[in-house]
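This report refers to the structure that appears directly beneath it.
The values are calculated or read from the model by the stated rules, or taken from the named source; none is laboratory data. For clarity, every value in this text was computed on a predicted model and none was experimentally measured. A quick note on method: Cβ atoms are made from the backbone with ideal geometry, for glycine too, and the neighbour counts reach across all protein chains shown. Remember, those area values only see protein heavy atoms, side chains included, never the ligands or the DNA or RNA. Shrake-Rupley method; radii C 1.70, N 1.55, O 1.52, S 1.80 Å.
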Amino acid sequence: MSGKPPEAGARNIATMELVGGRPVVDFVNTLSDRALPAPLERLASYDELVLWCVREELIDRSEQARLRRLAVEHPRKAAAALMAARQLRELLFLLFDAGANGRVPPPAARAELNDWLLEAARHRRLEPSNGGLRWLWYRGDDDLDWMLWPLAWSAAELLGSDELGRLKECAQEDCRWLFLDLSKNRSRRWCTMEQCGNRAKAKRHYERRASSAKR
């Protein structure tokens with residue numbers, strides 16, 4: 001995120017901080033520095049998309065290996081899946097940003113998400129599990145973008161839930177990371193206190209000292 005040290009860990013999808021409160025919110029945060037002319041893209045390759053899914057436990061290691069192998073065999077499909085992931089991410093940022101700031105999302109954005117949900121619903125089934133039922137996702141052997149279906153579904157669930165009122169945007173003006181404020185009094189202001197919170201404190205301290213020096 002903006003202002004953070006440029007060490008590899010801060011820019012690597014493998015060590016990116018997961019502060020959103022839900023995987024779908026962290027997914028939106030894979031593009032950082034949105035307020036700057038050159039945002040930081042962490043989904044720079046299909047492999048990074050797959051690795052992010054492993055970190056969020058959306059897929060397991062065996063599925064990671066299978067998708068990596070498929071990506072090598074079908075590079076065009078992998079590139080198309082990566083492009084689709086970025087498009088979904090930006091759609092969700094538009095929707096979440098509106099929700100976090102008390103605005104109604106544009107009709108076109110809502111319609112686009114509904115299209116995603118229609119596609120996702122085609123691959124969702126209720127199946128028996130441990131004496132009950134559970135939802136499962138069914139994908140074809142060469143579906144490289146199937147992990148986007150549960151993300152779209154999770155986004156819709158959040159947008160239609162009471163938790164949307166807890167969705168916030170980091171108070172650091174050039175950050176724009178999103179997070180669910182799960183604190184009891186809903187007082188959280190920063191994506192992380194260690195980064196943006198401390199930056200804001202340091203800025204206020206500097207401004208106070210500068211103001212005192214002018215007197």
Q: Could you work out, for segment 40-122, what percent of all Cα-Cα pairs fall into each 10 Å distance bin, beginning at 0 Å and stopping at the bin that holds the largest distance?
A: 16, 38, 34, 11, 1
(Q) Taking 8 Å as the Cα distance limit and 6 or more residues as the minimum spacing, I'd like the relative contact order of segment 56-163 as a percentage. (A) 29
Q. In whole Å and largest first, what semi-axes does the C-alpha gyration tensor of segment 53-205 yield when each eigenvalue is scaled by 5 and square-rooted?
A. 32, 20, 17
Q: Provide the FRET efficiency to the nearest 0.05 for the residue 134-residue 69 pair, computing r from the beta carbons and using R0 = 22 Å.
A: 0.20
Q | With every protein chain in place, the chain: carbon and sulfur % of accessible area (1.4 Å) | A | 52
Q) Averaged per residue, what accessible area in Å² does the chain show with a 1.4 Å probe, protein chains only? A) 55
Q: Quote to one decimal, in nm, the extra length available between residue 187 and residue 79 on full extension: 0.36 nm per residue of separation minus the C-alpha distance between them.
A: 34.8 nm
Q: Would you please classify the overall shape of segment 25-76 from the alpha carbon gyration tensor, given that a ≥ b ≥ c denote the square roots of the eigenvalues, rounded means a/c under 1.5, and beyond that prolate means a/b larger than b/c while oblate covers the rest?
A: oblate
